[in-house]
Amino acid sequence: MSFTIAIDGPAAAGKGTISKAVAAHFGVGHLDTGLLYRAVGKRMLDGIEPIEAARALVAEDLQAEGLRTAAVAQAASKVAAIPEVRAALVDFQRAYARRAGGAVLDGRDIGTVICPEAEAKLFVTASAEVRARRRFEELRAGGAETDYDTVLADTKERDHRDASRADAPLRPAEDAVILDTSTLDIATAVAQAIAAVAAKRSDGETA
Ligand code: CDP
């Protein structure tokens, strides 16, 4: 049986942590789809044409070093606005979503475009200030030299680009459960996400 869990939301809302914990709890695979766009963005920074880079992408590219930097995040959101780049990445994501046993995919358009038929959909969000604070601490812990105001400006710029693009803009699916993590600690956010998915799984069993 396949059971797809779609987890969407803006940068640094907690999707990554929540997605990993949900996947571990239900014993299913997890695909961070942001890594696909980051891998293409990194290739663009290396001088490769993004559409070609997207068409040539293989699973191993997601393990590349240096995908988590702020520069690569901005490049990712630029290549993510190119329809041919998005189109080149669809089949890989859909195949992963329909794996036997189930899967969690996290991104921006999983519940709206990649898997509108997903059995469970969450939209994880938080205020821009809270998200920038988290990302700032993450980048600093990783040794990056940056300041909060720069990270906040970057976060808002990326939110705006992701939400205003014509193709697959960032928005919650109509049937998504909204989880605002602004005032939640990680354990509470994870527990609420697991409860929301568990409710959908038991719906499926009784349907
Ligand atoms: O980790 P963070 O939330 O900062 O970003 P990410 O999930 O790694 O995504 C990086 C960029 O890729 C986003 O700003 C989006 O522009 C793009 N993306 C997308 O368009 N669609 C997805 N399903 C996932 C990411």
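The values are calculated or read from the model by the stated rules, or taken from the named source; none is laboratory data. None of these values were measured; they are calculated from a predicted model. Neighbour counts run over all protein chains shown; Cβ positions are idealised from the backbone, glycine included. All accessible areas refer to the heavy atoms of the entire protein, side chains included, with ligands and DNA or RNA removed. Shrake-Rupley method; radii C 1.70, N 1.55, O 1.52, S 1.80 Å.
Things worth noting here:
- Condition met for ALA81 (more than 23 Å from ARG133 (Cα to Cα), surrounded by 14 or more Cβ atoms within 10 Å (Cβ to Cβ) and small (Gly, Ala, Ser)): yes
- Single residue of the range 99-119 satisfying the filter (open to solvent by 30 Å² or more (accessible area, probe 1.4 Å), away from the ligand (no atom under 12 Å from the Cβ) and at pLDDT 95 or above) that is farthest from ARG201 (Cα to Cα): PRO116
- Candidate set: the range 165-190, residues that are small (Gly, Ala, Ser) and touching a Leu at 6+ places or on another chain (Cβ under 9 Å); chosen: the one least open to solvent (accessible area, probe 1.4 Å): ALA189
- Among the residues making up the range 123-158, a single one is modelled with pLDDT of 95 or more, among the basic types (Lys, Arg) and open to solvent by less than 60 Å² (accessible area, probe 1.4 Å): ARG131.
- Verdict on ALA12 being in a loop (DSSP other than H, G, I, E, B) and crowded, with 20+ Cβ neighbours inside 10 Å: yes
- Every test in (1) within 15 Å of the ligand (Cβ to nearest atom); (2) in contact with a Phe, Trp or Tyr (Cβ under 7 Å, 6 or more places away or on another chain); (3) among the small types (Gly, Ala, Ser) is passed by ALA189 save one, and that test is (2).
- Put simply, of GLU60, GLU65, GLU52 the only residue that is assigned to a helix (DSSP H, G or I) and modelled with pLDDT under 95 is GLU60.
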